[in-house]
Amino acid sequence: MSRALIYIVEDEPAQVEMLSYNLETEGFRTVIAENGERALLLVEETVPDLIILDWMLPDLSGIEVCRRLRATAETKRLPIIMLTARGEEADRVRGLETGADDYVVKPYSPAEMVARVRALLRRSSPALGDDIMEYAGIAVDPAQHKVTRLGQAIHLGPTEYRLLLTLMERPGRVLSRGQLLDLVWGQEVYVEDRTVDVHIRRLRKALDLAGTKDPIRTIRGTGYALNTDD
Ligand code: CA
């Protein structure tokens, strides 16, 4: 998916509200876990793109959650930002091998947190950043949700937009219908395989300007890829 998914693991409602409001405003998707156990359950269902993890939680400490995530293959490299209170706690975090990629000391400004999140995401998954992606004259600007081809605005429905983004983030890679369903529609939604074909057809039609080539390759019986042959 193109909009990075962030889990906020924090038990203080005011903190949670401020964080999720600011991150959502910046175009991220957020899911909240009010304690460590819940966070681990959520991660088991869906691994997010990044976790903001408070050190002081009612059950498992942030450090313990972090340790468990690092000990699991699927989440070994999951980007984690640890939140700590000013003072002793911050010093301890600094001195400890926490396994977190970054830490932010409370109180912090929302702008600072957004900047840290962006920086960490850019390091861990460049395609999720705000960088404009360009291919075959098609430019996708994830920050503004804008698509152009040869400078002309292309208007896409939300599904076609996500489909294009998903393909552009993985140029040349063949994605099966099943993979596209997971990435574009999400694993919770039941959609038939041929729905993918319908939306691919719409996407192709929208991108088809005079003098341009079809950017999407069909791999018969399998799926689709962004055509990087020429
Ligand atoms: Ca807390």
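The values are calculated or read from the model by the stated rules, or taken from the named source; none is laboratory data. Just so it is clear, the model here is predicted, and its values are computed rather than measured. Every residue, glycine among them, receives a Cβ derived from its backbone with ideal geometry; neighbour counts consider all protein chains shown. Quick note on the areas: whole protein, heavy atoms, side chains included, nothing else; ligands and nucleic acids left out. Shrake-Rupley method; radii C 1.70, N 1.55, O 1.52, S 1.80 Å.
Once the principal axes of the Cα atoms of segment 181-230 are found, what is the range along each, listed largest first in whole angstroms?
For segment 181-230, the Cα extents along the three principal axes come out at 39, 20, 16 Å.
May I have the convex hull volume per residue, in Å³, for the Cα set of segment 5-124?
92
Let me know the Rg and Dmax you get for the chain when you use only its Cα atoms, in Å.
Here Rg and the maximum Cα pair distance are 20.0, 64 Å.
How much accessible area per residue does segment 5-124 have, in Å², with a 1.4 Å probe?
That works out to 50 Å² per residue.
Taking amide H positions as placed in the peptide plane 1.01 Å from N, state which residues far from ILE154 in sequence (5 or more) or on other chains have amide H under 5 Å from it.
VAL147, THR148, ARG149
Would you mind checking which residues have amide H under 5 Å from ASP208's amide H? H placed 1.01 Å from N; only 5 or more apart, or other chain.
Here nothing satisfies the definition.
Under the Karplus relation 6.51 cos²θ - 1.76 cosθ + 1.60, θ = phi - 60°, what is the ordered set of whole-Hz ³J(HN,Hα) values for segment 53-69, x standing for Gly and Pro?
Coupling constants for segment 53-69: 10, 7, 5, 8, 10, x, 10, 6, 6, x, 4, 5, 4, 4, 4, 5, 5 Hz.
Once the Cα gyration tensor of segment 133-226 is diagonalised, what are the square roots of 5 times its eigenvalues, in whole Å and ordered largest first, as equivalent ellipsoid semi-axes?
Ellipsoid semi-axes (Å, largest first): 21, 15, 12.
Amide H neighbours of ILE216 under 5 Å, at least 5 residues apart or on other chains, H built in the peptide plane: list them.
ASN227
To the nearest 10 degrees, how steeply does helix 13-25 sit against the main Cα axis of the chain, on a 0 to 90 scale?
Compared with the principal axis, the helix lies near 20 degrees.
For the chain, take the longest principal axis of its alpha carbons; what is the angle in degrees between that and the long axis of helix 110-124, to the nearest 10 within 0 to 90?
60
Using θ = phi - 60° and the Karplus form 6.51 cos²θ - 1.76 cosθ + 1.60, what ³J(HN,Hα) does each residue of segment 157-169 get, whole Hz, x for Gly and Pro?
x, x, 6, 5, 4, 5, 5, 4, 4, 4, 5, 5, 6
Take ASP102 and LYS76, extend 7 Å from each Cα along the Cα→Cβ direction, and tell me the distance between the two endpoints in nm.
2.4
With every protein chain left in place, what is the accessible area per residue of segment 133-226 in square angstrom, probe 1.4 Å?
55
Give me the net charge of ARG29's neighbourhood, meaning all other residues with Cβ under 10 Å from the Cβ of ARG29; Lys, Arg count +1, Asp, Glu -1.
Neighbourhood net charge equals -1.
Could you please state, rounded to a whole Å, how far the C-alpha centre of segment 1-41 is from the C-alpha centre of segment 160-192?
24
Which residue fluctuates the most in the chain, going by a Gaussian network model with Cα springs under 10 Å, if the choices are ILE200, ILE219, ILE51?
Result for the chain, Cα springs under 10 Å: ILE219 fluctuates most.
With a Förster radius of 45 Å, plug the Cβ-Cβ distance of THR195 and ALA14 into 1/(1 + (r/R0)^6) and report the FRET value to the nearest 0.05.
Given R0 = 45 Å and the Cβ-Cβ separation, E is 0.60.
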